[in-house]
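Peer 1: I'd like to ask some things about the structure below.
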Amino acid sequence: MCTWPSFRLLLLTAALAPIAAADASDVKRVGDGFKLSGRVPDMQRYTDCSGHRFLVTLSGLQYVGEAGTTLLEQSVDGSLTLWLALKDVRVTIGRISLAGRPGTAVCGPTLIEMGTRRNLWVAFDFELQSHDDGAALTLKKTRFGLPNDNWSVGTPAWVTADGFGMSRGKVVRGVRDGLAESRVELERQILAIANKVLAEFAALPDSAPAEQAAIDKALAHKLIAEGHLSRDGHIVFNQALPITNLERR
């Protein structure tokens, strides 16, 4: 029995499909956060392991968390970075089942926890341009790093296994190892959903297409309308937050 490295990517993709600028000079708090939650449709896929084909089914997928403090940072070159703090993100895979010629196994719920010790900071780097009708933002890059000590993979709440080599211990190790060793892929998946969080913060109108240009426009409008950004593209201060207070990694 192997530890099923071939379906590690499947586990991570299903679990997360549902959530330091250099030379910085100014930082301002521009938001206090909102709750995140959602569900993901069940997934099925075949995978080959040790010469056998298994049908892997993932079901009961859901996530909860919180997008915390939002900070706006302006570097000396005039570019802007929006920092979004994620915390207490919990992704639950309700049920993982495997079926193949050697036997079957079912386990779950399995929990992935992120940002429970301190904030996880996602950075949205924008190019800023000033026009006659106001400042314009263009997203250039999104950055995120998951510290080793700020996330964990739990043990399935229960496991049943039947068949040659399908012991409970091997099933548990296969699931946990597959998730725990996929930190880089986990970061990629978080970045993949980052624009959804940004669209929520930017208050993108329901009638607007969920395209990056529309999100950038809505964000610039929000920041100017709420008095955080001047029409010529500079942070408007009424309560500054010293950069030394940021817990970014």
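The values are calculated or read from the model by the stated rules, or taken from the named source; none is laboratory data. Everything quoted here is computed from the prediction, not taken from an experiment. Glycine gets a Cβ as well: all are built from the backbone with ideal geometry, and neighbour counts include every protein chain shown.
Peer 1: Exactly one condition in (1) buried (at least 18 other Cβ atoms within 10 Å of the Cβ); (2) within 30 Å of THR69 (Cβ to Cβ); (3) not acidic (Asp, Glu) is false for LYS140; which is it?
Peer 2: Failing condition for LYS140: (1).
One line per residue, one yes/no per condition, for (1) in contact with a Pro (Cβ under 8 Å, 6 or more places away or on another chain); (2) loosely packed, with under 14 Cβ neighbours inside 10 Å; (3) over 30 Å from GLN74 (Cα atoms):
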| position | (1), (2), (3) |
| --- | --- |
| PHE124 | no, no, no |
| ASN148 | no, yes, no |
| GLY154 | no, no, yes |
| ALA161 | no, no, yes |
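Peer 1: Moving to a separate point now. Which one of these does SER75 not meet: (1) surrounded by 19 or more Cβ atoms within 10 Å (Cβ to Cβ); (2) closer than 22 Å to SER230 by Cβ; (3) out of contact with any His (no Cβ under 8 Å at 6 or more places or on another chain)?
Peer 2: Going through the list (1) surrounded by 19 or more Cβ atoms within 10 Å (Cβ to Cβ); (2) closer than 22 Å to SER230 by Cβ; (3) out of contact with any His (no Cβ under 8 Å at 6 or more places or on another chain), SER75 breaks only (1).
Peer 1: Within the stretch 38-62, track down each residue that is in contact with a helix residue (DSSP H, G or I) (Cβ under 8 Å, 6 or more places away or on another chain) and within 30 Å of ARG117 (Cα to Cα).
Peer 2: Answer for the stretch 38-62, where residues must be in contact with a helix residue (DSSP H, G or I) (Cβ under 8 Å, 6 or more places away or on another chain) and within 30 Å of ARG117 (Cα to Cα): VAL40, LEU58, LEU61.
Peer 1: Can you tell me which of VAL76, VAL89 is at pLDDT below 85 and either at negative phi or more than 15 Å from the chain's Cα centre (by Cα) (or both)? Break it down into steps so the answer makes sense when it comes.
Peer 2: On the way: VAL89 fails: at pLDDT below 85.
Only one candidate passes the filter, namely VAL76.
Peer 1: May I pose another question? Looking at this structure, is ARG117 of a type in the set (D, E, K, R) and closer than 28 Å to ARG45 by Cβ? Please lay out each step first, then the result.
Peer 2: Working: of a type in the set (D, E, K, R): yes; closer than 28 Å to ARG45 by Cβ: no.
No; evaluated as a whole, the condition is false for this residue.
Peer 1: Residue check: is PRO102 crowded, with 17+ Cβ neighbours inside 10 Å and at pLDDT 80 or above? Let's see the steps before the verdict.
Peer 2: On the way: crowded, with 17+ Cβ neighbours inside 10 Å: yes; at pLDDT 80 or above: yes.
Considered against the rule, which asks whether it is crowded, with 17+ Cβ neighbours inside 10 Å and at pLDDT 80 or above, PRO102 comes out as yes.
Peer 1: Does the stretch 200-219 contain any residue that is closer than 30 Å to ALA105 by Cβ and touching a strand residue (DSSP E or B) at 6+ places or on another chain (Cβ under 7 Å)? I'd like the intermediate steps shown before the answer.
Peer 2: If we filter the stretch 200-219 for residues that are closer than 30 Å to ALA105 by Cβ, which is where we start, we get none.
Scanning the stretch 200-219 turns up no residue that is closer than 30 Å to ALA105 by Cβ and touching a strand residue (DSSP E or B) at 6+ places or on another chain (Cβ under 7 Å).
Peer 1: Would it be correct to say that SER130 is under 30 Å from GLY233 (Cα atoms) and touching a strand residue (DSSP E or B) at 6+ places or on another chain (Cβ under 8 Å)? Reasoning before the result, please.
Peer 2: Working: under 30 Å from GLY233 (Cα atoms): yes; touching a strand residue (DSSP E or B) at 6+ places or on another chain (Cβ under 8 Å): yes.
When the stated conditions are applied, SER130 passes them.
Peer 1: Next up: When you check ASP232 against the structure, is it more than 23 Å from the chain's Cα centre (by Cα), outside any helix (DSSP H, G or I), surrounded by fewer than 18 Cβ atoms within 10 Å (Cβ to Cβ) and not small (Gly, Ala, Ser), yes or no? Can you show your working first?
Peer 2: Numbers: more than 23 Å from the chain's Cα centre (by Cα): yes; outside any helix (DSSP H, G or I): yes; surrounded by fewer than 18 Cβ atoms within 10 Å (Cβ to Cβ): yes; not small (Gly, Ala, Ser): yes.
Against the criterion (more than 23 Å from the chain's Cα centre (by Cα), outside any helix (DSSP H, G or I), surrounded by fewer than 18 Cβ atoms within 10 Å (Cβ to Cβ) and not small (Gly, Ala, Ser)), ASP232 qualifies.
Peer 1: Looking only at residues that are among the charged types (D, E, K, R) and within 29 Å of LYS170 (Cα to Cα) in the stretch 92-121, which one is nearest to the chain's Cα centre (by Cα)? Spell out the reasoning first.
Peer 2: So in the stretch 92-121, the residues among the charged types (D, E, K, R) come out as 95, 101, 113, 117-118.
If we keep only those that are within 29 Å of LYS170 (Cα to Cα) too, we end up with 95, 101, 113.
Working: ARG95: 21, ARG101: 36, GLU113: 12 Å.
Going through the qualifying residues, I end up with GLU113.
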